[in-house]
Amino acid sequence: MTIKSSFAITAGRFSYWYLHTFMKGGSSLPGKIATKFDPAVLKQLTKNYDVIIITGTNGKTLTTALTVQTLKQKYDHIMTNSSGSNMMQGLTTAFLADHPQKGQRQLAVLEVDEANVEPLCHYIKPKAIVMTNIFRDQMDRFGEIYTTYNMILAGVKLVPEATLIMNADLPLFSSVELPNPKIYYGFNHLPDGEMMAPSNTDGVLCPVCDHIIHYKFISYASQGKFYCPNCGYQRPELDEAVTAINQMRPTNSHFEINNEPFEISIGGMYNIYNALAAYSVGRFFDIPVKAIQKAFTEDKRIFGRQEVIQLKDKAVTLVLVKNPVGLNQVLQMISSDPEDFSLAMLLNANYADGIDTSWIWDGEFEDLLKHHIPTVITGGERGDDIAFRLKVAGVTADQLHETKELDATMAAIEAAPTKHVYVLATYTAVLQLRKKLAAANYIKKGLSV
């Protein structure tokens, strides 16, 4: 270890201790301080770790959490960035905060922002890289899906020995020849047919020849058993597959992987994809199937990912939304609820949310509103925008309750005529709401419940 890196690590760890002892914590500042003294400090911090990178547009946080739960069936100590801070400074902080067991190789599971895969791979050599999906998201940062994929590829190309664990149902991921070992996961739960995705779907063109992609079946959005009738490009053979979906409800999903039964206590087909990705990592690390089944039943709610918060007599399900594909999957999940519910949506447009809010117009609210929803609450810094979108979708003046401040939003939720309220919120709106709920002692402080 050089003097520079030693000083950087000492300064970073001291700042972490100070912030978490005397202040309100900090998930990025210690990493920022350490890299200020030594930009390559991560190389030293990670030298005794086998690292798994999990990246993609949707599902990173839950896939990371399920992967950690799965690997804990075999490994005693796993380092992860559970705060959700997934850029370079936050990743550096996570390693500074870890207390590895001496004398043995360590394991780290990292949620990594798509644009940060390349800078991270300059300093570490991951054992595996998991790719969940790529959809339009934060257009101001990422541009179109091909730009995002190229950001990830730039990092992958630095580490040809890393095993790629990829969602084979997404046409982009297998479109570029790479020397890395590969594990493909996807869905094989439906019989073959013949179809094409709707014209406004992300990635409807073949990434090899630009012809319109065809499908034997579609799971959702642009994912499914695809093939190109023009150039012959098609979905690769699956190593791990969902072979049946037996039941999906907002609070649980029952499905089969390689014909073995699994259950997770969270709804939505998109979350079955997350579970399949975690299963694929587990099998790569030789975790027995029964141990993975057990890991998935551990009910650990993750910040903003369908966590249920009791607000007086209301059960509030808080769900993070940030792009049209994810939003539509959430709306579909909500629509499977057999009980009456109210709906709230909080829209912010800060940098962490994405400053472009046009994605709300791709949300299929009209389909959700075919269900009877007695009260629809809007709020957030861009509450006027989401209120207008919902009015266009068909929400009536009698249904709609517009709020300007979070205190008013919480009061509206408490006054809702149903016992269950779904609250959909963008990232910074989730943080703001949880801060209010923590101050009122409805939840504990921090990012998870």
Lys/Arg +1, Asp/Glu -1 at C-beta; the chain dipole; positive extreme among 335, 280, 413: 280
For the chain, can you list the cysteines whose C-beta has no other cysteine C-beta under 4.7 Å from it? 121
Cross-link partners among lysines for residue 36, C-alpha distance below 17 Å, same-chain residues fewer than 8 apart left out? 4
For the range 331-449, give the magnitude of the charge dipole about the Cα centre (Cβ charges: +1 Lys/Arg, -1 Asp/Glu; no others), in debye to the nearest 20. 560
In terms of the Cα gyration tensor, with a ≥ b ≥ c the square roots of its eigenvalues, is the range 3-101 rounded because a/c is under 1.5, prolate because a/b exceeds b/c, or oblate? prolate
With +1 assigned to the C-beta of every Lys and Arg and -1 to the C-beta of every Asp and Glu, and no other charges, what is the dipole magnitude of the range 67-128 about the Cα centre in debye, to the nearest 20? 400
Roughly how many nanometres apart are two label points built 7 Å out from the Cα toward the Cβ at residue 175 and residue 308? 4.1
Roughly how many debye, to the nearest 20, is the charge dipole of the chain about its Cα centre, given +1 on each Lys and Arg Cβ, -1 on each Asp and Glu Cβ, and no other charges? 1860
Using a basic spin-label model with each label point 7 Å from the Cα along Cα→Cβ, how many nm lie between residue 246 and residue 435? 4.4
I'd like the distance separating the alpha-carbon centroids of the range 197-214 and the range 324-357, in whole Å. 25
Taking a label point 7 Å from the Cα of residue 411 along the Cα→Cβ vector, which residues of the range 362-404 have an amide N closer than 12 Å to it? 403-404
Provide the net charge surrounding residue 182, with neighbours chosen by a C-beta distance below 11 Å and charges set as Lys +1, Arg +1, Asp -1, Glu -1. -3
Residues of the range 406-420 with backbone N under 19 Å of the label point set 7 Å from the Cα of residue 388 along Cα→Cβ are none
Under a point spin-label approximation (7 Å from Cα along Cα-to-Cβ), what is the residue 418-residue 350 distance to one decimal in nm? 2.9
Report the antiparallel proportion of the DSSP beta bridges in the chain as a percent, rounded to a multiple of 5. 40
Need the full-extension length gain, residue 396 to residue 339, defined as separation in residues times 0.36 nm minus the C-alpha distance. One decimal, nm. 18.4 nm
Could you sort 166, 1, 195, 151 by their accessible area in this structure, using a 1.4 Å probe and putting the largest first? 1, 195, 151, 166
The ³J(HN,Hα) series, computed from each phi in the range 255-272 with the Karplus coefficients 6.51, -1.76 and 1.60 at θ = phi - 60°, rounded to the nearest Hz and given as x for glycine or proline, is 8, 10, 10, 6, 6, 9, x, 9, 9, 10, 8, 7, x, x, 4, 4, 7, 5
Say we join alpha carbon atoms closer than 10 Å with springs in a Gaussian network model of the chain; which of 27, 199, 174 then has the biggest fluctuation? 199
The summed charge of the residue 29 Cβ neighbourhood (under 14 Å; Lys/Arg +1, Asp/Glu -1) stands at +4
Leaving out ligands, DNA and RNA but keeping every protein chain, what accessible area does residue 313 have, in Å² rounded to the nearest 10, with a 1.4 Å probe? 70
Count charges around residue 220 for me, please; just the other residues with Cβ under 14 Å from its Cβ, Lys/Arg as +1, Asp/Glu as -1. -4
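The values are calculated or read from the model by the stated rules, or taken from the named source; none is laboratory data. This one's a predicted model, so the numbers in the text were calculated from it and none came from an experiment. Cβ sites come from the backbone with ideal geometry, for glycine too, and all protein chains shown count toward neighbours. The accessibility values were calculated without ligands, DNA or RNA, using every heavy atom of the protein model including side chains. Shrake-Rupley method; radii C 1.70, N 1.55, O 1.52, S 1.80 Å.
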